[in-house]
1. Kindly indicate which of A:237, A:173, A:249 is farther than 30 Å from residue A:154 by Cβ and small (Gly, Ala, Ser).
2. Name the single residue, out of those in region A:46-57 being farther than 11 Å from residue A:75 by Cβ and modelled with pLDDT of 75 or more, that is surrounded by the fewest Cβ atoms within 10 Å (Cβ to Cβ).
3. What are the residues in region A:187-215 that are outside any helix (DSSP H, G or I) and charged (D, E, K, R), if any?
4. Give A:34, A:61 a once-over and let me know the one that is within 12 Å of RNA strand B (Cβ to nearest atom), touching a residue at least 40 places away in the same chain (Cβ under 8 Å) and out of contact with any Leu (no Cβ under 8 Å at 6 or more places or on another chain).
5. Keeping to region A:79-114, report how many residues are within 9 Å of RNA strand B (Cβ to nearest atom) and either small (Gly, Ala, Ser) or in contact with a helix residue (DSSP H, G or I) (Cβ under 6 Å, 6 or more places away or on another chain) (or both).
6. Would it be correct to say that residue A:9 is of a type in the set (Asp, Glu), in a loop (DSSP other than H, G, I, E, B) and closer than 21 Å to residue A:294 by Cβ?
7. Is it true that some residue in region A:184-195 is polar (S, T, N, Q), surrounded by fewer than 21 Cβ atoms within 10 Å (Cβ to Cβ) and modelled with pLDDT under 90?
8. Show the residue pairs that are 6+ apart or on different chains and have beta-carbon atoms under 7 Å apart, the first residue being within region A:364-378 and within 11 Å of residue A:331 (Cα to Cα), the second being near RNA strand B (Cβ under 7 Å from one of its atoms) and among the aliphatic types (A, V, I, L, M).
Amino acid sequence: MQLLPGFRDFFPDDCARRNYILETWRTVARRYGFVEYDGPVLEPMALYEKKSGGELVGQLFDFTDKGDRHVAMRPEMTPTLARMVAARERDFKKPLKWFCVPQFFRYEKQQRGRLREFYQLNCDIIGEASPAADAELIAVLIDLLRACALGERDFVVRLSSRTAWQEFFAQVGGRPEDEYEFFQIVDKAERLPPEKTDAALAKFGLTAQQVLAFMHSKAATAELAPILADLTARGLGGFVEIDYAIVRGLAYYTGVVFEVFDRGKNERALAGGGRYDKLLSLMSDGQTDLPALGFGMGDVVLANLIHDVPAAQAQLHAWLARERAVDVYVVIAHETRRPEALALVQRLRDAGLRADFPLATAKLGKQFQTAEHLGARHAVLVGDEWPQVKVKTLATRAERLASPDELLSLLTPPKIPVILSGA
RNA sequence: GUGGCCGUAGCUCAAUGGUAGAGUCCCAGAUUGUGAUUCUGGUUGUUGCGGGUUCGAGUCCCGUCGGUCACCCCA
């Protein structure tokens, strides 16, 4: 049996790599005061039809359940979040700073950086309209990547705004109802030949040259300036660039939008998000009307970039080594001492140490080999010396005798790993 | 969904249309109280799958599945 396309088995090593990313996400999000929430993996199909309509339906994993309900595996979090917020909005002080690390499912053809199943960090701030919220959200985004030992030379936040394009469009006489179509053209302007863009813009009386000129003007609008100032005050200004080429495909974005790219442009976007001030009202039929903004960051592209950047890879490997290492491997030199060894293993484990030992009779050399293979810091040899044991520090090959009581105070529990911040 | 390239041992890869191989990994021994290296031996295959051409197909052709890259899309 083979895997379904776009789905992954997580063997222990893969699982550890995944956990590195998820734990880093959770650590940094909490550092910013975001709290974790979650929702169901399976939702009524109608939840997604309401917001997006036909186009996205083809990219859903959907089916009819045994109760004849049309359901879908979740492809994104925003509809669920909107429902949850609308349901109990009054229970929470504003602004809400919520994050989630859901697994998503999208029926798309897989390629580099895109699978049919993936994890995505979602951070959202709800109930705060000021640019301070935009800056806070972008700051946590930057620090999430810095925590993976990625720096200014590795990635950049491209900051833009739908508002800026709305003003541009209004100035040249565009009608608000045509805005979305105009945004779609702008979104593709950089990738398509100018003639095609010209043709598409003709109905608005615009040229590709006009649009591209505005796109590449790096001047911050009155909306973006305070956000940049805020980030600069935090010392994070170097991670952000104004780039009006960022429009984002979705209809619901209302103001600030941004995407994160690797500097080498070898990968797809690492993250993307923006303001969606009208969406909660839309999703709740006007029941809840709160300004909101958020972003999503997937695990697949991030893992690729970590692999690409030596410093990030080194930090990952250091983390993996700490993660998998046992503290003590108990070597049973004589099978007659197995009961004493079992008692010792139990005491070590009760003390919170990661301890392992051979389940089957094995030669001494083999046991040390296993200890080495497991990354054990110490081997404890139970045999002739009993009631004392021989403690060996594998890295230095130093040995000493100790009683089981001494052993326990000798081997202090490991410190909780600290995620180092890369500049 | 459309198109290009690729599918051989767990992994990395060889094999002019003519006997399916190497390295690595894993297991055991050399080494019965100590980890590396080395040496010896061993396990591992429907050559993705199904047809076709041929005396003979891993190799050529068709289909299919999977991977990958680009397009589309990107919540």
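1. Numbers: A:237 fails: farther than 30 Å from residue A:154 by Cβ; A:249 fails: farther than 30 Å from residue A:154 by Cβ.
After applying the criteria, what remains is A:173.
2. Among residues in region A:46-57 that are farther than 11 Å from residue A:75 by Cβ and modelled with pLDDT of 75 or more, the one surrounded by the fewest Cβ atoms within 10 Å (Cβ to Cβ) is A:46.
3. Initial filter on region A:187-215 (outside any helix (DSSP H, G or I)): A:190-193, A:205-207.
Those that are outside any helix (DSSP H, G or I) and charged (D, E, K, R): A:190, A:191.
4. Values: A:34 fails: within 12 Å of RNA strand B (Cβ to nearest atom).
None of the others qualify; the one that does is A:61.
5. 2
6. Details: of a type in the set (Asp, Glu): yes; in a loop (DSSP other than H, G, I, E, B): yes; closer than 21 Å to residue A:294 by Cβ: no.
Answer is no for this residue.
7. The first filter runs over region A:184-195 and keeps only residues polar (S, T, N, Q), leaving A:184.
Pick out the ones that are also surrounded by fewer than 21 Cβ atoms within 10 Å (Cβ to Cβ) and you get A:184.
Those still in the list that are modelled with pLDDT under 90 too: A:184.
Yes; the residues of region A:184-195 include at least one that is polar (S, T, N, Q), surrounded by fewer than 21 Cβ atoms within 10 Å (Cβ to Cβ) and modelled with pLDDT under 90.
8. A:364/A:333; A:368/A:379; A:371/A:379; A:371/A:394; A:378/A:394
The values are calculated or read from the model by the stated rules, or taken from the named source; none is laboratory data. If you're wondering where the values come from, they're calculated on a predicted model, not measured in any experiment. Cβ sites come from the backbone with ideal geometry, for glycine too, and all protein chains shown count toward neighbours.
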